[in-house]
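The values are calculated or read from the model by the stated rules, or taken from the named source; none is laboratory data. The structure displayed is predicted, hence computed values, not measured ones. Backbone-built Cβ (ideal geometry, glycine too); neighbour counts: all protein chains shown. Areas reflect the complete protein model, heavy atoms only, side chains present, ligands, DNA and RNA absent. Shrake-Rupley method; radii C 1.70, N 1.55, O 1.52, S 1.80 Å.
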Amino acid sequence: MLSRIYNILPTFLQNLVVDIHKDIRLFIYFFTNRRKIKRCKDIDKTILADFNKSRKYGPLNKICYAPYTSMFFSRSGLVSPCYASYNENSSHIKSSSIRDIWFEGSFNKIREQHKTCDLSKDCKFCKEIMDVGSYGSLLINKYEHYAFSKSEYPVIMEFELSNKCNLSCIMCDANLSSGIEKGLDGAITGNLHYHQKYFTELREFIPHLQLAEFTGGDPFMIDEYYQIWEMIAEINPNCHILITTNANTMNSRIEKLLESHKHINFNISIDSLQKENYETIRRNGNFELAMANINIFINYCKQNRTQVNILVCPMTVNWSEMPDFVNFANEKQICVYYHTVVKPQELSLKFLEKVELNRIISELENRSFSTKTKKEKTNNENYKNLVGLIRSWMQDNNSATISESVAMTDDQLILCLRQRIVYKFPTLLSKFESLLDRLNISEEKTKILKRLVEINDKDFFENLENKSIEELFYICINMVK
């Protein structure tokens, strides 16, 4: 009843209700926190206190509400509370029913871990972010809104059933891109584990859903999703649908979907606002088509009072565009959110040399944005959280500096060089990979790699662009003689 009243309130009253609720819970928390701190024995007390202060609705009874409100169905068939928590300990859809997984399976093990705020076993993704104090980047935040649900069933389901996709993005892999998978072995496996039995079992859960999320691959290319969308329209038409798409597909089937469903929301993945860089990152993508479809989705959401967000992967090849995304989102009156990219390592900001991270932080933190509207405030906060996360990486001892090259293994040296080449000299990348093949049979391999890491001369690398592989190899040999 209360949630229905809240949902019909105007935005400014909703914000006021949330602020008052948070203040009340903070007041109660600081007078009754001894019991909760004692219960949360597996998390640092200072971190717990700071985290609870940061939560949108104030301190809550559970460290995370995903295990109590959400089911994520991974392409591997493993089922978990969220996309970051499935592993070899998770229940598998082949051996367990949806009902058994939710009420009796691996979900109960995670719930037991969370009783003492233990994130170290199945929730390491959030634990690492929490340990560095970047609370705004926690995946936990996504599920806070559902903390007050009284349903015994999940109210969110996230579907990642197939990898069918028309793009082969440089940061993606075969598990999430059929284009990449086809390039590796000429085959597309698509949906491996979810068949008619699964869809029959799903009917029991559909009536309880408030939100159904669809990722891929690209959802618009996955036939099984159209079957679920039809089921939702039949059983629970008030359920909101969230589609994460690359916006490179539009056809009559999608147009019919937009006409028949009035509660569709969109997360649109776009990693550059510059045509050349966009099509370099999102291989096989069409920048003009993506931008046109983004406008179609924005217009749909305005008409139906639903939401559009853009999702960005901050990487070595696009970090300088992060302020542009805030301005773009503000102009379109939508929100921008950032993924945490840790692989492939040569594209991840996390593994850059400290001197590069420091320069990136200096450039990004000097930008300011409008904060007049709620969405603008959200975009500004998300941007600050991104900069804070990058700053925490710079302080991480795992970020290698050039001076540490003496103690680095061959794999670490190669990673360091590959990062620098992707970041500064991308046209050299294919030659560098061929050079590695030659160095693998050289007794001087380690010495050469260390020498290359220690060179910080831009002209040296630029002069290599016109050299053949043989010439590069002999240059390297002569460097260590």
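Observations on the structure shown:
- In the range 117-159, the residues that are touching an Asp or Glu at 6+ places or on another chain (Cβ under 9 Å), buried (at least 22 other Cβ atoms within 10 Å of the Cβ) and of a type outside the set (A, V, I, L, M): 117, 158, 159
- Condition met for residue 447 (surrounded by 14 or more Cβ atoms within 10 Å (Cβ to Cβ) and over 23 Å from residue 411 (Cβ atoms)): no
- Number of the exception - residue 83 against (1) modelled with pLDDT of 85 or more; (2) open to solvent by 90 Å² or more (accessible area, probe 1.4 Å); (3) part of a helix (DSSP H, G or I): (3)
- Residue 201 being of a type outside the set (A, V, I, L, M, F, W, C), open to solvent by 10 Å² or more (accessible area, probe 1.4 Å) and within 20 Å of residue 94 (Cβ to Cβ): yes
- Selection count, the range 342-395, where residues are surrounded by fewer than 19 Cβ atoms within 10 Å (Cβ to Cβ) and not in a helix (DSSP H, G or I): 13
- Taken across the range 364-371, residues that are among the polar types (S, T, N, Q), touching a Leu at 6+ places or on another chain (Cβ under 8 Å) and at pLDDT below 95 do not occur at all.
- Hits in the range 97-116 (condition: modelled with pLDDT of 90 or more, buried (at least 16 other Cβ atoms within 10 Å of the Cβ) and outside any helix (DSSP H, G or I)): 97
- Unique residue being free of Cβ contacts under 8 Å to residues at least 60 places away in the same chain and surrounded by fewer than 19 Cβ atoms within 10 Å (Cβ to Cβ) when the list is 268, 188: 188
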